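The structure appears below as structure tokens.
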Amino acid sequence: MSIYLSKNEQARFLGRHILSIADFTPEDIHIVFKLAGYFEDYVKNRIQMDLMKGLILATLFFEPSTRTRLSFETGMLRLGGSVINATGTSSSLEKGESFQDMGKVVSRFADVMVLRHPLESSIHQFAEGSSVPVINAGNGSNEHPTQALLDLYSIWHGRVQTKNLKIGFVGDLKFGRAAHSITKLLGLYKTHFYFISHPTLRMPPEITKQVKAQGCKVTETENLADTIKDLDVLYVTRVQKERFTDLSTYEAVKSCYRIDPQMMKKANLSLSLLHPLPRLDEIAVEVDKDPRARYFEQVTNGVAIRMALLALVSGRLAEPAGEKTIGF
Amino acid sequence: MSIYLSKNEQARFLGRHILSIADFTPEDIHIVFKLAGYFEDYVKNRIQMDLMKGLILATLFFEPSTRTRLSFETGMLRLGGSVINATGTSSSLEKGESFQDMGKVVSRFADVMVLRHPLESSIHQFAEGSSVPVINAGNGSNEHPTQALLDLYSIWHGRVQTKNLKIGFVGDLKFGRAAHSITKLLGLYKTHFYFISHPTLRMPPEITKQVKAQGCKVTETENLADTIKDLDVLYVTRVQKERFTDLSTYEAVKSCYRIDPQMMKKANLSLSLLHPLPRLDEIAVEVDKDPRARYFEQVTNGVAIRMALLALVSGRLAEPAGEKTIGF
Amino acid sequence: MSIYLSKNEQARFLGRHILSIADFTPEDIHIVFKLAGYFEDYVKNRIQMDLMKGLILATLFFEPSTRTRLSFETGMLRLGGSVINATGTSSSLEKGESFQDMGKVVSRFADVMVLRHPLESSIHQFAEGSSVPVINAGNGSNEHPTQALLDLYSIWHGRVQTKNLKIGFVGDLKFGRAAHSITKLLGLYKTHFYFISHPTLRMPPEITKQVKAQGCKVTETENLADTIKDLDVLYVTRVQKERFTDLSTYEAVKSCYRIDPQMMKKANLSLSLLHPLPRLDEIAVEVDKDPRARYFEQVTNGVAIRMALLALVSGRLAEPAGEKTIGF
């Protein structure tokens with residue numbers, strides 16, 4: 001098997017920073033997903049490539065996120081590259097160094113860098129200083145573009161750039177960053193959204209307004225049981241106890257939106273059930289056996305998406321001569 | 001040099017979780033030690049193999065144990081594989097994720113996993129979720145099977161499946177997990193045990209009873225100086241100050257069981273002196289030069305044992321066709 | 001391109017511990033810099049070698065210093081080797097293990113080791129126990145030999161063993177370890193030193209006396225603006241607020257010694273502006289564009305210097321037969 005990237009496709013990503021999902025055109029997304037589809041087989045079959053042999057990824061995580069970090073590191077290793085890592089606190093930041101300087105310094109060690117830092121401005125300043133491509137792995141509550149891409153990839157599930165998709169979001173739609181990001185991203189594709197939540201946890205009206213303006217349909221409801229039969233995809237998020245002032249409302253919301261085998265009986269046979277993980281009890285463990293449960297596949301998809309981005313920005317797919325097979 | 005593993009020997013370990021030493025039959029131990037003996041030369045000569053090239057080990061240490069972690073990681077690197085690591089706390093466990101889910105997720109990143117977690121049930125739940133082999137690197141005070149195997153390997157020191165071995169244990173026999181595990185393991189081999197300790201730190205009677213029932217001899221004594229001459233092996237463990245209510249008893253016990261050149265003069269010329277390390281002053285530094293001091297060799301043996309287990313469970317030794325040379 | 005190391009040059013470093021800059025003869029420095037000059041191209045062009053393939057570096061950092069650690073790890077990876085790492089605290093040291101024992105144990109895992117520990121005696125005891133070469137990455141306020149070497153390498157900037165160099169040090173000369181180390185090192189080369197500082201932060205008189213005794217010239221001044229025109233090299237260090245009892249003096253010193261484009265106009269066109277980093281506002285960001293600003297190059301030089309040391313002590317350049325090309 002081999003896939004082709006045109007000179008133009010290669011040039012879009014070579015040396016590029018991946019900071020915000022807002023920078024991605026539908027064409028960009030198409031390229032990333034084409035490549036991720038190719039890498040997915042390598043991840044599933046646990047095969048190492050030589051594509052990034054000799055290159056070093058620096059993962060800098062100044063906020064805990066073991067899983068995202070391991071996903072990037074596994075991706076880099078499967079591509080044949082190496083990893084250096086800094087986790088926890090940065091003694092030089094504590095001494096007052098700027099993110100620009102940190103970017104300048106660490107890009108002398110690594111060939112591509114991944115940063116997670118709670119400060120929203122961190123990633124932009126860091127990328128400004130860096131002499132190598134930088135990927136945002138989460139800057140506070142702001143952006144986490146590789147999560148958004150892997151969610152979209154999982155939602156489409158091989159169905160390239162699906163229009164008129166019926167997708168439900170259930171759980172905490174008010175505060176859930178992941179749900180906000182994908183909703184905005186799906187706004188480009190004439191999606192029919194079903195926002196299913198308790199009144200206190202509804203999708204923020206500015207997001208609803210935005211996707212409507214883009215020509216999407218929006219159905220808001222409190223009733224999951226009646227809605228699930230209409231959905232192609234159901235994206236479940238965790239409801240946090242801290243959002244509620246009284247515990248009985250919390251318990252009611254939890255039990256009402258819990259996905260268990262009963263609930264799955266009401267759903268379409270072709271439903272995709274997704275969840276950003278970690279999962280607590282908003283999805284019953286018995287549902288894991290259901291072929292429509294695809295939340296653990298999202299983990300594999302995340303590795304494939306990150307491999308695609310690492311390879312694209314590093315230019316290991318960019319050969320000077322026009323159309324070519326990916327060289328491995 | 002090359003060694004052979006039969007189809008049957010390979011099949012015993014392929015894809016298997018290494019959770020408890022109680023799961024090991026004498027045949028299993030024989031296979032692991034045969035392979036470890038082979039790898040020992042590679043560790044000592046610092047030679048890298050290609051046996052696990054392209055495979056990823058995830059080391060997950062949610063309790064401090066730098067040494068055990070480095071031992072596994074060195075083993076994986078010497079086998080030609082790569083390592084991803086998470087140490088400290090797990091933000092997803094803290095959010096309430098189950099160990100099963102964690103196993104499901106991280107096994108999408110890695111090809112073999114090593115977990116250390118203080119909770120006894122952690123390893124079983126984690127392995128249940130995992131789609132790849134899991135090795136227990138210590139679950140609380142319960143089990144640490146690779147430590148038990150490396151101790152047994154060091155005790156036998158090339159003498160395959162020694163019967164009627166005379167082994168002394170000295171120090172804290174009441175609380176020392178390592179001493180308990182090896183005692184149980186040696187119970188299978190008609191061992192003559194000498195349990196040498198202060199009365200307050202004696203081997204728990206249920207263990208003594210168990211090995212007697214298996215046909216072993218047990219000698220309990222407070223006197224090391226008179227006993228050491230009879231021993232093939234002396235396994236020394238640290239006595240912790242916190243176990244004593246009065247300091248003078250502690251000091252007396254310490255000095256009475258201290259291994260120094262004088263004490264070594266009383267011992268057999270073929271004695272093996274072992275210690276799980278770290279060592280404080282229960283063995284004098286001058287003893288290190290004595291060829292019978294073999295506690296630092298245990299470190300090397302630990303790498304070899306872990307390499308054997310990594311290679312066995314990953315199936316890199318398991319070729320479809322019958323008897324074969326290990327392929328490297 | 002290839003360089004030659006004689007049998008004698010190789011033998012000087014094979015298996016050697018790198019603990020103190022005081023152990024380096026001018027000939028040693030010459031060898032290290034020759035090799036670093038060679039590796040510099042590989043670092044800049046981000047090319048991996050096979051020189052240390054199959055060897056393992058252990059980085060043990062018991063005091064925060066992400067940057068130094070990443071520099072060593074990048075160097076090892078560019079040389080084709082692998083890395084194992086322990087950061088933070090050591091549970092075995094906490095249990096009371098000696099540094100000698102730690103050296104004995106970890107050298108069973110790795111082929112070369114780098115230690116950073118705040119205790120001054122740590123590195124010597126650790127190296128004493130180790131069966132493989134050990135490199136000091138900082139033992140408290142005492143020594144950090146690879147920093148001194150990279151600074152000297154950056155000061156000379158390809159000018160091999162420069163005599164009569166005019167170098168200024170500005171900032172905190174009283175407490176700055178880096179400035180002390182390079183001053184001592186440059187004492188061997190008939191240097192003309194300009195120590196520019198506030199009276200409370202002057203270079204310690206014993207160092208001034210020492211370099212004078214070695215035949216160096218020393219000019220002490222508070223005035224940077226008048227001095228900068230005479231300098232070949234200006235080494236800037238950070239002035240810490242905590243050194244001052246009143247804030248207004250601190251602010252005055254800071255502004256007076258700040259390097260900005262105005263100040264650079266007064267300087268020689270061939271000046272090298274250096275800084276150990278992290279930099280706060282003692283050098284204005286606008287100066288970064290000035291070709292004389294060479295502080296970020298120091299980061300690259302640091303990787304090259306560490307690669308040279310790793311390769312030299314590991315003997316991967318030491319072939320039995322006389323003069324030879326470095327084998328890669």
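The values are calculated or read from the model by the stated rules, or taken from the named source; none is laboratory data. Values in this document were obtained by computation on a predicted structure and should not be read as measured data. Positions of Cβ are generated from backbone atoms using ideal geometry, with glycine treated the same way; all protein chains shown enter the neighbour counts.
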For this session: Please find, among A:V32, A:V105, the residue that is of a type in the set (A, V, I, L, M) and within 8 Å of another protein chain (Cβ to nearest Cβ).
Result: A:V105
Problem set entry | Yes/no for B:R258 being among the charged types (D, E, K, R), away from chain C (no Cβ under 14 Å) and either touching a His at 6+ places or on another chain (Cβ under 7 Å) or surrounded by 12 or more Cβ atoms within 10 Å (Cβ to Cβ) (or both) | yes
Exercise. For the range B:240-271, how many residues meet the condition of being assigned to a loop (DSSP other than H, G, I, E, B) and free of Cβ contacts under 8 Å to residues at least 24 places away in the same chain?
Worked result: 3
Exercise. Among the residues of the range B:109-136, which ones are closer than 19 Å to A:L280 by Cα and charged (D, E, K, R)?
Worked result: B:E128
Problem set entry | Counted residues, the range C:91-101 - those being within 8 Å of chain B (Cβ to nearest Cβ) and either in contact (Cβ under 8 Å) with a residue 40 or more places away in the chain or under 26 Å from the mean Cα position of the chain (by Cα) (or both) | 1
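Any idea which of A:L57, A:L70 is of a type in the set (A, V, I, L, M), in contact with a strand residue (DSSP E or B) (Cβ under 7 Å, 6 or more places away or on another chain) and not in a helix (DSSP H, G or I)?
Numbers: A:L70 fails: not in a helix (DSSP H, G or I).
Exactly one of A:L57, A:L70 is of a type in the set (A, V, I, L, M), in contact with a strand residue (DSSP E or B) (Cβ under 7 Å, 6 or more places away or on another chain) and not in a helix (DSSP H, G or I), namely A:L57.
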Exercise. How about the range A:59-75: which of its residues are more than 18 Å from B:E94 (Cα to Cα) and at the interface with another protein chain (Cβ under 7 Å from one of its Cβ atoms)?
Worked result: A:S71, A:E73, A:T74
Exercise. (1) more than 9 Å from every other protein chain (Cβ to nearest Cβ); (2) in contact (Cβ under 8 Å) with a residue 24 or more places away in the chain: which one isn't true of B:N45, the others all being true?
Worked result: (2)
For this session: Say whether the condition of being in contact with a Pro (Cβ under 9 Å, 6 or more places away or on another chain), of a type in the set (D, E, K, R) and not assigned by TED's automatic domain parsing to the domain that holds A:P276 is met by at least one residue in the range A:127-138.
Result: no
Exercise. Since B:A225 meets every condition but one in (1) closer than 16 Å to B:G176 by Cβ; (2) touching a residue at least 40 places away in the same chain (Cβ under 8 Å); (3) surrounded by fewer than 20 Cβ atoms within 10 Å (Cβ to Cβ), which condition does it not meet?
Worked result: (1)
Exercise. Within the range A:23-48, restricting attention to residues that are among the β-branched types (V, I, T) and buried (at least 19 other Cβ atoms within 10 Å of the Cβ), which residue is nearest to A:P278 (Cα to Cα)?
Worked result: A:V43
For this session: Please go through the range A:1-34 and pick out each residue that is at pLDDT below 85 and either part of a helix (DSSP H, G or I) or of a type outside the set (S, T, Y) (or both).
Result: A:M1, A:I3, A:L5, A:K7
For this session: Being touching a residue at least 40 places away in the same chain (Cβ under 8 Å) and either within 18 Å of B:S91 (Cβ to Cβ) or within 14 Å of chain C (Cβ to nearest Cβ) (or both) is the filter here, so list the residues in the range A:48-58 that pass it.
Result: A:D50, A:L51, A:M52, A:L55, A:I56, A:L57, A:A58
Exercise. What do you reckon, is C:L51 crowded, with 20+ Cβ neighbours inside 10 Å and either assigned to a loop (DSSP other than H, G, I, E, B) or modelled with pLDDT under 95 (or both)?
Worked result: yes
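Being over 20 Å from the mean Cα position of the chain (by Cα), surrounded by 14 or more Cβ atoms within 10 Å (Cβ to Cβ), under 25 Å from B:R177 (Cβ atoms) and aliphatic (A, V, I, L, M): is that true of B:V287 here?
Criteria met by B:V287.
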Problem set entry | Given (1) at pLDDT 95 or above; (2) aromatic (F, W, Y); (3) surrounded by fewer than 19 Cβ atoms within 10 Å (Cβ to Cβ), number of the condition A:F169 does not satisfy | (3)
Seminar exercise, completed: Per the list (1) modelled with pLDDT of 90 or more; (2) closer than 15 Å to B:N301 by Cβ, residue check on B:F195 breaks on (2)
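Let's see how each residue does on (1) in contact with a Lys or Arg (Cβ under 9 Å, 6 or more places away or on another chain); (2) farther than 13 Å from C:V218 by Cβ; (3) in the same structural domain as C:T221 (by TED's automatic domain parsing):
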position: C:K163; (1), (2), (3): yes, yes, yes
position: C:A178; (1), (2), (3): no, yes, yes
position: C:T183; (1), (2), (3): no, no, yes
position: C:F193; (1), (2), (3): yes, no, yes
position: C:S197; (1), (2), (3): yes, no, yes
position: C:T200; (1), (2), (3): yes, yes, yes
position: C:M203; (1), (2), (3): yes, no, yes
Seminar exercise, completed: Counting only residues in the range B:84-107 that are among the charged types (D, E, K, R) and in a loop (DSSP other than H, G, I, E, B), the one surrounded by the most Cβ atoms within 10 Å (Cβ to Cβ) is identified as B:E97
Exercise. Does C:L119 qualify as being surrounded by fewer than 24 Cβ atoms within 10 Å (Cβ to Cβ) and not in a helix (DSSP H, G or I)?
Worked result: yes
Exercise. In the list C:D41, C:D23, C:D101, which residue meets the criterion of being under 18 Å from C:T146 (Cβ atoms) and assigned by TED's automatic domain parsing to the domain that holds C:F126?
Worked result: C:D23
Exercise. For B:S82, are the conditions met, namely being facing another protein chain (nearest Cβ under 9 Å), under 28 Å from A:T68 (Cβ atoms) and touching a residue at least 40 places away in the same chain (Cβ under 8 Å)?
Worked result: no
Exercise. Out of all the residues in the range A:74-96, which are of a type in the set (A, V, I, L, M) and at pLDDT below 95?
Worked result: A:A86, A:L93
For this session: Quick one: B:E120 ticks every box in (1) within 11 Å of another protein chain (Cβ to nearest Cβ); (2) free of Cβ contacts under 8 Å to residues at least 60 places away in the same chain except a single one, so which number is it?
Result: (1)
Seminar exercise, completed: Counted residues in the range B:290-306 being within 12 Å of chain C (Cβ to nearest Cβ) and either under 17 Å from the mean Cα position of the chain (by Cα) or aromatic (F, W, Y) (or both) come to 11
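Pick from B:A110, B:A127: which is over 19 Å from the mean Cα position of the chain (by Cα), outside any strand (DSSP E or B) and away from chain A (no Cβ under 11 Å)?
B:A127
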For this session: Sort out which residues of the range C:272-310 are in a loop (DSSP other than H, G, I, E, B) and either in contact with an Asp or Glu (Cβ under 8 Å, 6 or more places away or on another chain) or acidic (D, E) (or both), and write them in order of number.
Result: C:H275, C:P276, C:L277, C:P278, C:R279, C:L280, C:D281, C:E282, C:A284, C:D290
For this session: Scan the range A:197-221 for residues that are out of contact with any strand residue (DSSP E or B) (no Cβ under 7 Å at 6 or more places or on another chain) and surrounded by fewer than 16 Cβ atoms within 10 Å (Cβ to Cβ) and jot them down.
Result: A:P199, A:T200, A:P204, A:P205, A:E206, A:K209, A:Q210, A:A213, A:Q214, A:G215
